[in-house]
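Notes follow the structure.
The values are calculated or read from the model by the stated rules, or taken from the named source; none is laboratory data. These figures come from a predicted structure and were not determined experimentally. FYI the Cβ positions are ideal-geometry reconstructions off the backbone, even for glycines, and counts take in every protein chain you see.
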Amino acid sequence: MDEQTSGRPKPFFNAMDIVLWSMFHLIRFASRVVPPSLLYSLLEGLGCLAFYAMPGMHSRLVTKISEALPEVTDSREIVRIGRKACGAFLFPILDFFVMGKYGERYIRELRIEGMENLEKADAAGKGTIITGTHHGWIAIVHAVMLRLGKVYTPIMFYPSDTPTPHYVWNLALQGFFLGADPKAPVFWAGKDTVRNAIEHLGQGKRIGLTFDVDGQGIVEFFGRPTALASGIAYFSYKTGAPIVPIALIRGKGVFDNRLVISPPIFPDQEAERSVEMNRILQQAVSEGEKFIRADPGQWMNWFGLWHWWDEAEKLMADKGTEMPHK
């Protein structure tokens with residue numbers, strides 16, 4: 001999200017940066033003495049407060065969740081999802097410190113489903129692209145995978161290219177402290193990203209990136225054309241590397257969690273490029289949507305969904321195209 005996309009003035013993001021940066025250090029201190037279950041409850045309470053304190057955001061969020069999940073007809077459930085999403089936006093700060101302090105217990109009690117899918121992708125020898133959405137424990141997926149012997153290099157926006165650079169720097173540094181590939185801890189999004197990622201995959205290694213951010217790839221997401229990042233499809237088609245969607249889903253308690261790994265998506269490099277890239281992206285996005293629907297309150301990017309819907313309509317109108325077939 002950038003300032004032009006969001007429509008928010010720069011002072012708004014400067015204030016948000018200060019608030020989130022302050023919260024980061026406050027939570028870091030509190031995590032040393034307060035049980036994590038209590039801290040998560042407090043953050044959920046803050047999210048709930050924000051949900052009700054900002055009527056405009058409240059109404060837009062409820063409307064879009066209703067549009068995306070028409071099968072949820074209970075208005076109270078829609079509100080509950082919105083409240084949880086506001087809290088989920090804050091949880092990643094604490095996730096870092098939980099993993100840093102209780103990492104061994106977290107891994108010991110983690111339930112893993114589908115590890116054979118990742119191993120199948122790795123066995124192809126083309127490298128592996130790990131993808132997912134900003135859902136659940138997304139901030140520490142890299143640290144969990146490292147502890148499971150499946151290290152990968154994430155692709156991230158450079159902090160100064162985000163609306164909240166000081167806060168993002170703190171998140172990035174804390175993520176590095178939890179563990180990373182010493183030779184390639186991160187690929188910063190920029191002019192060398194494509195070359196670095198392709199070389200990394202060419203060595204049979206893994207990269208990781210999310211797709212639920214602004215982009216030019218138009219796919220169906222929650223029932224409507226949506227403009228999302230298509231990097232995973234490009235890298236897969238270019239290198240032959242399979243894509244493996246994963247999700248680290250929160251359970252009922254701090255240490256009751258699941259790592260779910262979907263079957264790999266293999267590219268057909270002989271197929272027409274634009275058609276195949278759309279197929280690859282659509283399949284990955286559909287898997288991500290399944291993860292979100294399993295517990296929609298854990299997805300922190302509800303706030304961007306309507307923008308991606310609107311952007312897809314603009315892109316299709318500008319190009320005079322229709323929604324690609326699934």
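Tabulated results
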quantity	calculated
Among (1) surrounded by fewer than 15 Cβ atoms within 10 Å (Cβ to Cβ); (2) in a helix (DSSP H, G or I); (3) at pLDDT 90 or above, the one test that V34 misses	(2)
Candidate set from segment 80-121 (those that are in contact (Cβ under 8 Å) with a residue 40 or more places away in the chain and basic (K, R)); member that is farthest from L39 (Cα to Cα)	K120
Check on A180, in contact (Cβ under 8 Å) with a residue 40 or more places away in the chain and crowded, with 18+ Cβ neighbours inside 10 Å	no
Test: residue in segment 272-280 that is closer than 28 Å to P36 by Cα, surrounded by fewer than 22 Cβ atoms within 10 Å (Cβ to Cβ), in contact with a helix residue (DSSP H, G or I) (Cβ under 7 Å, 6 or more places away or on another chain) and not β-branched (V, I, T)	no
Selection within segment 46-66 - at pLDDT below 95 and of a type in the set (G, A, S)	G47, A50, A53, G56, S59
Pairs where the first residue, in segment 45-74, is of a type in the set (A, V, I, L, M) and the second is in a loop (DSSP other than H, G, I, E, B), C-beta under 9 Å, 6+ apart	L46/L90; A50/F89; A50/L90; I65/V72; A68/F222; A68/G223; L69/F222
Residue list for segment 258-285, restricted to those being outside any helix (DSSP H, G or I) and either β-branched (V, I, T) or under 17 Å from the mean Cα position of the chain (by Cα) (or both)	R258, L259, V260, I261, S262, I265
Positions within segment 160-187 being among the hydroxyl-bearing types (S, T, Y) and under 18 Å from the mean Cα position of the chain (by Cα), in sequence order	T162, T164, Y167
